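Each value in this text was obtained by applying a stated rule to the coordinates, not by laboratory testing. If you're wondering where the values come from, they're calculated on a predicted model, not measured in any experiment. So basically every Cβ, Gly included, is an ideal-geometry build from the backbone, and we count neighbours across all protein chains shown.
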Amino acid sequence: MSGVIGLDVGGAHLKLARLDGSGALVEVRIAACPLWRGLSELDAALDKVGAHAKEPEVAATMTGELADLWPDRASGVAAISESLVARFGADRLAIYAGARRFVRADAAADNALEVASANWRATAEAVAAQGGAGLLVDIGSTTSDLIPYGDGRVLATGATDAGRMAADELVYLGVARTPVMAIAPRLPFAGAWVTPMAEFFATSADVHRLTGDLDEAADLHPAADGGPKTAEGSARRLLRMVGADLTLDTGGAARRIADYLAEAQLRRLHDAALGLVTRSDIPAPQTIVGAGVGRFLAKRLAERLRLGYRHIGALFSDDPVLAALAADCAPAAAVARLYGETARNPDGRRQVSDL
């Protein structure tokens, strides 16, 4: 049997998961993919993750259609799908379309509403298939997905970005790329509560670098000021948010600001999760399944909610290194698995929709 690669085409990162012919996960890779600079960034990222033009089978999901390179999501879905077809060929490529599962790449534009930003559902379907009732919490560099599941089904209320944001199933907070001014309206500094400057001076990567939680592999883009990704550099950027400079006297204040921002981020996620786990129309969640490069926050969230915790990587591999990588890139691993489990037609092709 041939292998399958799963691609998660984001607006900032490209993630790849490779399954061998037996369906075992054998490789996970990630590369920066700043699509706002142009569609050529996708080809460059595909080269970096080693996605060859003659891959046997390719399943792709995306959020990159949100990039302001395009006037709307439908245009982004069409452009990304066409770019993938140009690289892999239409016959070997399928596009994930949420609850509809997979469609042919040339049908993606006609199903743009289902295709756009559906990567969360691929991960949730893979988790729900394992049984039990819980909450998938996938915290990435940019956003956080909170998806209830139970009875073998995804129990999300929203389907689109707008619907999911309204339901608190999509929270625009991540552990690397979120501007600090979006995390908290006031910051503690020098005996006062200071409204942070409305400038892109620092990001959540600076916060979690100073608290010691950030895996540097999760921070693939330049710092807000283009400066060094060091504790000193992060402290300088955070202090700039309150109009101060880094000196011998303000170093401790920078760490206190970071601690406060980390708590503010966790508190926002806690509020969102609390609304979801108290829904009366779904089985009571027993476990939080953590995914994404910010899953250290998902574990803390489970402790606050007094729920069990496990990270998603073990679902994809027994190898601890591969499991950790798969947890970082869960939608890519999930879409590869879902496609690999899709039945074949008599001609040997996967059963995907032409509509």
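In percent, rounded to a whole number, the relative contact order of the chain is 19, using alpha-carbon pairs under 8 Å and six or more apart.
The long axis of helix 251-277 is offset from the longest Cα principal axis of the chain by roughly 40 degrees. The stretch 78-129 and the stretch 15-32 have Cα centres separated by 17 Å.
Take the Cα pairs of the stretch 254-355, get the Kirkwood Rh, then feed it into Stokes-Einstein at 37 °C and 0.692 mPa s and tell me D in µm²/s.
Values: Rh = 16.3 Å.
Here the translational diffusion coefficient equals 202 µm²/s.
Note on LYS54: lysines with a C-alpha under 27 Å away, same-chain residues under 8 apart excluded, are LYS15. Between VAL171, PRO320, TYR309, the Cα set farthest toward the positive side of the dipole of the chain (charges on each charged residue's Cβ, about the Cα centre) is that of TYR309. Here the sum of -39500 (n - 2.57) over DSSP H runs of 4 or more residues, divided by the residues of the chain, equals -10500 deg cm²/dmol at 222 nm, to the nearest 500.
About the centre of its Cα atoms, the stretch 303-350 shows a dipole size close to 220 debye [charges on the beta carbon of Lys, Arg (+1) and Asp, Glu (-1) only; nearest 20 debye].
Placing unit charges on each Cβ (+1 for Lys and Arg, -1 for Asp and Glu) gives the stretch 215-321 a dipole about its Cα centre, and among THR247, LEU297, LEU274 the Cα reaching farthest toward its positive end belongs to LEU274. Panel order for MET62, MET181, MET241, by other beta carbons found within 10 Å of each beta carbon, from fewest to most: MET181, MET241, MET62. When each of GLU57, GLU27 is scored by the number of other beta-carbon atoms lying within 10 Å, the sequence from fewest to most is GLU27, GLU57. Contact order for the stretch 157-250, expressed relative to its length and based on alpha carbon pairs under 8 Å spaced 6+ residues apart, stands at 25 percent.
Treating the Cα atoms of the stretch 116-267 as identical point scatterers in vacuum, please give the log10 of the normalised Debye intensity I(q)/I(0) at q = 0.10, 0.11, 0.12 Å⁻¹, two decimals. Those come out to -0.41, -0.49, -0.57, one per q. Remark: the stretch 59-70, residue by residue, has Karplus-estimated 3J(HN,Hα) of 10, 10, 10, 8, 10, x, 5, 6, 4, 6, 5, 10 Hz, where x stands for each Gly or Pro and the curve is 6.51 cos²θ - 1.76 cosθ + 1.60 at θ = phi - 60°.
When each of THR160, THR63 is scored by the number of other beta-carbon atoms lying within 10 Å, the sequence from fewest to most is THR160, THR63.
Would you mind checking the tilt of helix 295-305 against the longest principal axis of the Cα atoms of the chain, expressed as 0 to 90 degrees and rounded to 10? Relative to the chain, helix 295-305 is tipped by roughly 80 degrees. Using modelled amide H (1.01 Å from N, peptide plane; none on Pro or chain starts), what sits under 5 Å from the amide H of ILE288, excluding residues fewer than 5 places away? Amide H neighbours of ILE288, under 5 Å, 5+ apart: LEU135, GLY308, TYR309, ARG310.
Across the chain, Cα-Cα pairs more than 33 Å apart make up 28 percent of the total.
Counting only Cβ charges, +1 for Lys and Arg and -1 for Asp and Glu, the dipole size of the stretch 264-355 around its Cα centre is about 380 debye. Ranking GLN351, THR160, PRO188 by Cα position along the charge dipole of the chain, where only Lys, Arg, Asp and Glu carry charges on their C-beta atoms, puts PRO188 farthest toward the positive end.
Relative to the longest principal Cα axis of the chain, at what angle does helix 231-240 sit, 0 to 90 degrees, rounded to 10? Between the helix axis and the principal axis of the chain, the angle is about 70 degrees.
Averaging Cα coordinates gives a centre for the stretch 39-55 and one for the stretch 276-312; these two points are 34 Å apart.
Ranked by the mean number of other Cβ atoms within 10 Å of their residues, highest first, the peptides 326-334, 214-222, 121-129 come out as 326-334, 121-129, 214-222.
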